[in-house]
Amino acid sequence: MDKVLVVQKMQDYIEEHLAERVTLCDLANAVRYSPFYCARMFKEMTGLTAADYIRKLKLSHSALRLRDEKCRIIDLAYDLGYDSVDGYQRAFLHEFGCNPREYAKSPIPLSLFTPYGVKFRTLWKEKVVMENVSSVFIQVIDKPERKVIMKRGVKANEYWSYCQEVGCDVWGILTSMKSLCGEPVCLWLPEKYRKAGTSEYVQGIEVATDYSGSIPDGFEIITLPAAKYLMFQGEPFKEEYYCEAIETLQLSESRYDPSIIGYEWDDTNPRIQLEPRGERGYIEMKAVRPL
């Protein structure tokens, strides 16, 4: 079996059994290789030992639970497999630089661990033709006036160039923050929202206009007006075909004429991209105004 697929299978196993105590032997049994070979492959492909990968992922999940749920520290510690509350608190402090009790009372932006699948590293370079063109569903939605906490790039006009300029850790920070729409967003900014020498494409979160919380270092905040959007949503897809899912939807979007439903494109508002997640289909939103 290809090394990338072996490590991806281990990553998938970890995600599926995260609530359990996952050992290197469990991973070895899942892929039918020796623990020694699995340990070496995993470190080579992810840059982390399996134990460190699991620890970072569990601590990041626990941070989201502390942010969103009223859970006891002791319960969280034992759920994660720690033998004591002190052990969990030390691990949390070492990972994020703050005490979990303090964080639960007043959540701040954290650099959460994002478990990027190794199989996606080269997919964007490969050109795959999809045999069946998926359907694209369209609906009109209203976006309220809101603020966006975002980090600018330099010349980026899409995800991969943005990651090369800014780094992929931005997503982990954004995920740790509560968003008005429930998740981070990627934006293509119109000229009026850009600064000289900065990128068209940015990543951020939408927050209420009265937001008064923390803004991470290197981020800034802008205000966007209320606007109508056409939301384009593709069919669910296999995760390894996410590049093709994006291209298929963007082609449909470029061909769509909003005048048939009484609108025209509104280029004064950002185009919006949500995280490509296979189980729901790829989603983009493009602003419109009545004719």
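Selection within region 240-262: residues that are among the hydroxyl-bearing types (Ser, Thr, Tyr) and surrounded by fewer than 19 Cβ atoms within 10 Å (Cβ to Cβ). The member of this set that is farthest from the chain's Cα centre (by Cα) is SER259. Scanning region 1-33 for residues that are modelled with pLDDT of 90 or more and small (Gly, Ala, Ser) yields ALA28, ALA30. Of the residues ASP79, ASP75, the single one that is surrounded by 13 or more Cβ atoms within 10 Å (Cβ to Cβ) and outside the structural domain of GLY172 (by TED's automatic domain parsing) is ASP79.
Does region 187-209 contain at least one residue that is touching a helix residue (DSSP H, G or I) at 6+ places or on another chain (Cβ under 7 Å), crowded, with 20+ Cβ neighbours inside 10 Å, more than 17 Å from ARG271 (Cβ to Cβ) and not acidic (Asp, Glu)? Explain how you work it out, then say what you get.
Step one: filter region 187-209 for residues touching a helix residue (DSSP H, G or I) at 6+ places or on another chain (Cβ under 7 Å), giving 199, 201, 203-205.
Adding the requirement that they be crowded, with 20+ Cβ neighbours inside 10 Å leaves 199, 201, 203-205.
In the following step, the residues that additionally are more than 17 Å from ARG271 (Cβ to Cβ) were identified as none.
Among the residues of region 187-209, not one is touching a helix residue (DSSP H, G or I) at 6+ places or on another chain (Cβ under 7 Å), crowded, with 20+ Cβ neighbours inside 10 Å, more than 17 Å from ARG271 (Cβ to Cβ) and not acidic (Asp, Glu), which makes the answer no.
Might you check whether a residue that is under 28 Å from THR175 (Cα atoms) and part of a loop (DSSP other than H, G, I, E, B) occurs anywhere in region 1-11? No: region 1-11 contains no residue that is under 28 Å from THR175 (Cα atoms) and part of a loop (DSSP other than H, G, I, E, B).
Name the residue that is surrounded by the fewest Cβ atoms within 10 Å (Cβ to Cβ), counting only residues in region 22-39 that are assigned to a loop (DSSP other than H, G, I, E, B) and over 25 Å from the mean Cα position of the chain (by Cα).
Our first condition is that a residue be assigned to a loop (DSSP other than H, G, I, E, B); within region 22-39, this holds for 22-23, 32-34.
Filter again for over 25 Å from the mean Cα position of the chain (by Cα), leaving 23, 32-34.
On the way: THR23: 13, ARG32: 10, TYR33: 18, SER34: 12.
Top of the filtered list is ARG32.
On the stretch given as region 40-60, residues that are closer than 19 Å to GLY81 by Cα and not in a helix (DSSP H, G or I) total 1.
Looking at ALA28, is it of a type in the set (Gly, Ala, Ser), farther than 22 Å from GLN89 by Cβ, out of contact with any Asp or Glu (no Cβ under 7 Å at 6 or more places or on another chain) and touching a residue at least 24 places away in the same chain (Cβ under 8 Å)?
Details: of a type in the set (Gly, Ala, Ser): yes; farther than 22 Å from GLN89 by Cβ: yes; out of contact with any Asp or Glu (no Cβ under 7 Å at 6 or more places or on another chain): yes; touching a residue at least 24 places away in the same chain (Cβ under 8 Å): no.
Spelling it out, it is not the case that ALA28 is of a type in the set (Gly, Ala, Ser), farther than 22 Å from GLN89 by Cβ, out of contact with any Asp or Glu (no Cβ under 7 Å at 6 or more places or on another chain) and touching a residue at least 24 places away in the same chain (Cβ under 8 Å).
So is LYS70 farther than 30 Å from LYS228 by Cα, among the basic types (Lys, Arg), modelled with pLDDT under 95 and assigned to a loop (DSSP other than H, G, I, E, B) or not?
Working: farther than 30 Å from LYS228 by Cα: yes; among the basic types (Lys, Arg): yes; modelled with pLDDT under 95: yes; assigned to a loop (DSSP other than H, G, I, E, B): yes.
When the stated conditions are applied, LYS70 passes them.
The values are calculated or read from the model by the stated rules, or taken from the named source; none is laboratory data. Since the model is a prediction, treat every value here as computed from it, not as a measurement. Backbone-built Cβ (ideal geometry, glycine too); neighbour counts: all protein chains shown.
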